[in-house]
1. Largest first, please: the extent of the C-alpha atoms of region 47-163 along each principal axis, to the nearest Å.
2. Once you have the Cα-Cα distance between ALA187 and THR381, take 0.36 nm times their residue separation minus that, and quote the gain in nm to one decimal.
3. Sorting LEU322, LEU263 on the 10 Å Cβ count, fewest up front, what's the list?
4. Return the distance in nm (one decimal) between the two label points of a simple spin-label model at ASP160 and LEU281, each offset 7 Å from Cα along Cα→Cβ.
5. Could you please rank SER206, SER307, placing first whichever residue has the fewest other Cβ atoms within 10 Å of its Cβ?
6. Within 9 Å, Cβ to Cβ, of GLY133, how many net charges do the neighbouring residues add up to if Lys/Arg are +1 and Asp/Glu are -1?
7. Just report the Cα centroid separation between region 291-360 and region 175-228, whole Å.
8. Over region 191-323, what lengths in whole Å, largest first, do the semi-axes of the equivalent ellipsoid take, defined as the square roots of 5 times the eigenvalues of the alpha-carbon gyration tensor?
Amino acid sequence: MTSHRQRTLGVLGAAALLACALAPASAAVGTTSGTSAGSVTVAADGRAGMPGVWWYDAMKLDEVHQVATGKGVKVAVIDGHLDARIPDLKGAKISQGTSCQYDTKAELYTGQIASHGTAMVTAIVGQGAGGKGILGVAPDAEVRFYSYDPKAENPGNECDATLIARQVDKAVTWGADVISMSLGVGAGLDESVDRAIDAGAVVVASSGEVPDGVPRAEQPIELPGGIPGVVAVVAGTNQGKVWSKNPMGTQYEGSQLNDWLGLVAPGVETPLGGFRSGSDLWQTAAPRTGTSGATAIAAGAFAVLKSRWPEATGNQLVQAALHAAGGRGSDGELGYDKVQGYGTLSLQTTLAQDPTGWPDENPLRLPPGEAVEAYPASSYTQPGDAASEPTAQDDGGSGTGTTGASAAADDAAASDDGSLPGWVLPAGAVVLVGLAAGALLLRRRSTGSDRPGATSSGDEQTTDTTYDHTAPRGS
């Protein structure tokens, strides 16, 4: 089957972006608030990350950053603990939100307790450490970190969904454009998430992980990823396959959940970093596997989109990302299947078209079949000032075509072998931004793979059965 990233949509979208690229983003001037990391001023076009980071290269972020770097965008990260003093975050704009249990500034921690949260923030606003560290998807964005774990000294005392819902509300009050949650909790966030979406934020969350011995078709998406309107992210590999432990998001008989997948993003052996077990030493680019890292990467992608198109609402950014992903439909049309959701987010393609032409409605609030019918490519209307903006009118985004709704079930069965219309193209082909755009959301799901191994990602697969229901699951 021909990959949707092997169609003309991605190629023409990337070409349109490069042809209409803006001047390099202006310098980022910011401090790492509330930490001892210090203040650094770095020109966006002068940053450099370490070489060989596959997800960064696949997303063509060097080219993306010539257009937008997340400047002026607020990203709220709700996670366990953060150490903003690592080299990769020196110079990033980070502020400390509150603890979930107290209205006091979230404390900074170091060591393994802060490994997951620090890696997620690095994926979004990593500064590259002068070519020796990770450069994030949106290095000029502003991050505010909200902890769901009040005290590292009291393990197992994580806050419940009601208290985490307060963190979502605080993020909205702060003015967050994007809210990233690489976590899994019980029910109780629906109202706060709805308020966030209604306020204009893009809410991304990890989809979770299928435990050993559980059929994928019987594993619901973790909450809050399973809440309608949330971009639930699943993980993909650098070989163009979906992770074998991604949930499928099916509505099995008797389920009261309306859970369905959003997008695919890089999430298998993604170099993001972490603390060695039992050590305060940050291991730059340690590989992590799970939907958590994919979620953070996707959140960074939405921050880049928002900085390029500040007039677009959160709903319009989601519309644009889903249509650019292509799914199983024809170019420009929504398509969905149970393994990869709406497809792999293509950051370059999405950047190339003004998203304000899409309806200001969140398609993820509808079941996939209804969304495909409600938002065809023809629902895009050219913005009045589009002539002065870079667009991708030739990529099929404003054209017409048949949807993939009728074939979704068959395609889902056919793709259950783990194959994904890959972000890896045949030799000699243009690498599409599909994967890279891989701005999909990845949430922590089940096993304690949030703990990067000291030597290889294989260590990340160690099952951790001691976590609380709100603890990170999967890196």
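1. Here the Cα extents, ordered largest to smallest, are 42, 27, 22 Å.
2. Numbers: separation 194, 0.36 × 194 = 69.84 nm, distance 3.74 nm.
Separation in residues times 0.36 nm, less the Cα-Cα distance, equals 66.1 nm.
3. On the way: LEU322 28, LEU263 35.
Fewest to most other Cβ atoms nearby, the residues stand as LEU322, LEU263.
4. 4.2
5. Details: SER206 38, SER307 21.
Ranked by crowding around the Cβ, least crowded first: SER307, SER206.
6. Working: positive: LYS90, LYS132; negative: ASP88.
Net charge in that neighbourhood comes out at +1.
7. Between the Cα centre of region 291-360 and that of region 175-228, the gap is 17 Å.
8. On the way: eigenvalues 120, 99, 36 Å².
Here the semi-axes work out to 24, 22, 13 Å.
Read-outs: derived from the displayed coordinates by stated rules, not from any lab. This structure is a prediction, so every number in the text was calculated from the model and none was measured. Here Cβ is always computed from backbone atoms with ideal geometry, including for glycine, and neighbour counts include all displayed protein chains.
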